[in-house]
Amino acid sequence: METWKNVLGFEGLYEVSDLGNVRSLDREVTNSLGVVKRYKGKLLKGCKDKDGYTRVRLSKDGVHYDRKIHRLVLQAFVGDLELLVDHINHVRDDNRLENLRYVDNSENMKNQLPHKRYGKIFATNEIETIEFATIKDAVAAGFNKSAIYGVINGNFKQHLGYTWTSEYIK
C-alpha cells in the first residue's frame, strides 16, 4: 500500500509517496481581489532533467520551485540530511523509497557504474561518415568532446551537423 507524507516546506500543499509519486492537495486560494478559487488536488507529472533525474515544479505563495523527486522522498520519510541521494539500482528515475539512501561523497563514488570505454567514433551526416580512431582524434579535427559524448549518450541529436556513434569496449 502506498504511503503518503507531506513534502518538507510545502506542508498542506503537496505530498510525496514511498513509491516516488507527488501530488498536490485540495486547496483554496484567495486572489488579490478577494475572490476565493478552489483547486482540486492531482497527481503531478514529473519531467526528466538533463541528467535523467525526475523533477516536479511546486508552487508556494506565488513562487515556483523545481525539486528532484528523489530528495523529496528521502526528506519526507527519513529526514532532511546534508548528504547526497543515491539510487541503489542506478536507475535515476526509480524514486521508490526502498531504492534510495543518503550517502556521503566517498560512498557515492564507490557506488558508481564503471565508465564506458569508447573505441572508434563515427560522425555521420547525409553525405559522409567519418571514422575516428579515438575521441581525441575527433577533438583534434575540431569537434567538441562534451558535445560528441552528449550525442552518443542521447542527450543531443547532433553536433556540428553530424550524428555520432561509437564502438563500446567492455
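The values are calculated or read from the model by the stated rules, or taken from the named source; none is laboratory data. The model shown is predicted, which means the values in this text are computed figures rather than measured ones. A quick note on method: Cβ atoms are made from the backbone with ideal geometry, for glycine too, and the neighbour counts reach across all protein chains shown. Surface areas here come from the heavy atoms of the whole protein model, side chains and all, with no ligands, DNA or RNA. Shrake-Rupley method; radii C 1.70, N 1.55, O 1.52, S 1.80 Å.
Inside region 46-58, can you point out the residues that are open to solvent by less than 70 Å² (accessible area, probe 1.4 Å) and touching a strand residue (DSSP E or B) at 6+ places or on another chain (Cβ under 7 Å)?
Within region 46-58, G46, D49, Y53, T54, R55, V56, L58 meet the criteria.
Identify the single condition in (1) within 27 Å of the chain's Cα centre (by Cα); (2) modelled with pLDDT of 90 or more that V139 does not satisfy, given that it satisfies every other one.
(1)
Starting from residues that are aromatic (F, W, Y) and touching a helix residue (DSSP H, G or I) at 6+ places or on another chain (Cβ under 9 Å), keep the ones in region 111-142 and report whichever is nearest to H90 (Cα to Cα).
Y118
Of the residues L72, L83, L100, L113, only one is within 21 Å of D49 (Cα to Cα), at pLDDT 90 or above and open to solvent by 40 Å² or more (accessible area, probe 1.4 Å); which?
The conditions single out L83.
Taking the condition of a type in the set (S, T, Y) and either open to solvent by 80 Å² or more (accessible area, probe 1.4 Å) or assigned to a loop (DSSP other than H, G, I, E, B) (or both), does S166 pass?
no
Any chance you could count how many residues in region 128-162 are open to solvent by 60 Å² or more (accessible area, probe 1.4 Å) and in a strand (DSSP E or B)?
2
I'd like to check which strands (runs of 3 or more DSSP E) are fully inside region 52-127 and have at least 2 residues that are of a type in the set (G, A, S) and farther than 30 Å from K42 by Cα.
Where strands (runs of 3 or more DSSP E) fall fully within region 52-127 and carry at least 2 residues being of a type in the set (G, A, S) and farther than 30 Å from K42 by Cα, they are 117-124.
Restricting the search to region 86-95, which residues are of a type outside the set (V, I, T), farther than 16 Å from K48 by Cα and open to solvent by 60 Å² or more (accessible area, probe 1.4 Å)?
Of everything in region 86-95, just one residue is of a type outside the set (V, I, T), farther than 16 Å from K48 by Cα and open to solvent by 60 Å² or more (accessible area, probe 1.4 Å), namely N89.
Residue by residue, here is whether (1) part of a loop (DSSP other than H, G, I, E, B); (2) loosely packed, with under 10 Cβ neighbours inside 10 Å; (3) touching a strand residue (DSSP E or B) at 6+ places or on another chain (Cβ under 7 Å) holds:
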position	(1), (2), (3)
M1	yes, yes, no
K5	no, no, yes
F10	yes, no, yes
E15	no, no, yes
G20	yes, no, no
V29	no, no, yes
R38	no, yes, yes
